[in-house]
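Comments concern the structure below.
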Amino acid sequence: MWDPKATASSLIVKLRRIFGEELRGIVLFGSVARGEAILGTSDLNLLILVDSMAPSRMARVAPLIQEWVRGGNTPPHLYTTEEWKGMGDTFAIELADMQDARDVLWGHDPVGPDAVTLQDLRLHTEREIRQTLLQLRLRLLLDRKS
């Protein structure tokens with residue numbers, strides 16, 4: 001039986017060793033947090049917030065993240081707390097999902113009731129749709145046999 005929290009807990013222990021006091025929060029979100037996960041299909045979505053992403057710290061965490069991904073896990077969303085403060089308009093869809101359901105696995109809860117506005121959600125959705133439309137058109141144009 002797949003236990004996402006047990007899977008994440010081993011990562012948390014290692015992240016705490018690497019980041020120490022600079023680790024601010026780890027949040028599980030997505031289908032697992034909503035209780036809708038499908039074994040073998042659903043991703044284990046993690047948000048990891050730290051104080052800084054200094055090159056030396058990045059070099060230390062890189063092997064851990066690489067091991068995590070090689071183990072079949074989705075790369076975590078790794079941001080500084082300062083970056084996180086300005087992500088309402090670029091991460092709005094995920095923020096709305098987190099507002100609906102999340103599980104703080106370690107540290108503080110970075111998602112407040114005002115984390116995302118309807119305008120930010122609309123703008124992010126429009127950007128996603130435009131990007132998808134462009135990719136579809138490019139595939140049609142570039143895959144076309146002459």
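Brief remarks on what is shown
- The one condition in (1) open to solvent by 60 Å² or more (accessible area, probe 1.4 Å); (2) farther than 29 Å from Trp2 by Cα; (3) part of a helix (DSSP H, G or I); (4) not polar (S, T, N, Q) that Pro113 fails to fulfil: (3)
A quick yes/no check of all residues on (1) farther than 29 Å from Leu121 by Cβ; (2) among the charged types (D, E, K, R):
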position	(1), (2)
Ile12	yes, no
Phe19	yes, no
Val27	no, no
Ala37	no, no
Ser42	no, no
Ala54	yes, no
Gly72	yes, no
Leu95	no, no
Arg102	no, yes
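- For the range 5-31, the set of residues classified as within 13 Å of Arg102 (Cβ to Cβ) and without any contact (Cβ under 8 Å) to a residue 60 or more places away in the chain consists of Ser31 only.
- Qualifying residue in the range 121-129 (condition: touching a residue at least 12 places away in the same chain (Cβ under 8 Å) and outside any helix (DSSP H, G or I)): no
- Note on the range 19-78: among residues that are of a type in the set (Val, Ile, Thr) and more than 17 Å from Ala6 (Cβ to Cβ), the one that is farthest from the chain's Cα centre (by Cα) is Ile38.
This table checks each residue for (1) in contact with a Leu (Cβ under 9 Å, 6 or more places away or on another chain); (2) under 15 Å from Trp106 (Cα atoms).
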site	(1), (2)
Trp2	yes, no
Lys14	yes, yes
Leu23	yes, yes
Leu28	yes, yes
Arg34	no, no
Ile65	yes, no
Lys85	no, no
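- First in the range 73-95 and of a type in the set (Gly, Ala, Ser), second anywhere and buried (at least 17 other Cβ atoms within 10 Å of the Cβ), Cβ under 8 Å, 6 or more apart: Gly88/Leu95; Gly88/Ala115; Gly88/Val116; Gly88/Asp120; Ala92/Val116; Ala92/Asp120; Ala92/His124
- In the range 47-66, the residues that are at pLDDT below 95 form Cβ pairs under 8 Å with partners that are open to solvent by less than 40 Å² (accessible area, probe 1.4 Å) and of a type in the set (S, T, N, Q), at six or more places apart or across chains, as follows: Ser52/Thr80; Met53/Thr80.
- Evaluation of Gly107 against the conditions (1) in contact (Cβ under 8 Å) with a residue 40 or more places away in the chain; (2) in contact with a His (Cβ under 8 Å, 6 or more places away or on another chain) shows that the sole unmet condition is (2).
- Any hit, the range 34-56, residues being outside any loop (DSSP other than H, G, I, E, B), among the hydrophobic types (A, V, I, L, M, F, W, C), out of contact with any helix residue (DSSP H, G or I) (no Cβ under 8 Å at 6 or more places or on another chain) and surrounded by 13 or more Cβ atoms within 10 Å (Cβ to Cβ): no
The values are calculated or read from the model by the stated rules, or taken from the named source; none is laboratory data. Quick caveat, the model's predicted, so the values are computed rather than measured. Because the Cβ atoms are built from the backbone with ideal geometry, glycine has one as well, and the counts that use them run over all protein chains shown. When the accessible area is computed, the model is the full protein with side chains, heavy atoms only, and any ligands, DNA or RNA have been set aside. Shrake-Rupley method; radii C 1.70, N 1.55, O 1.52, S 1.80 Å.
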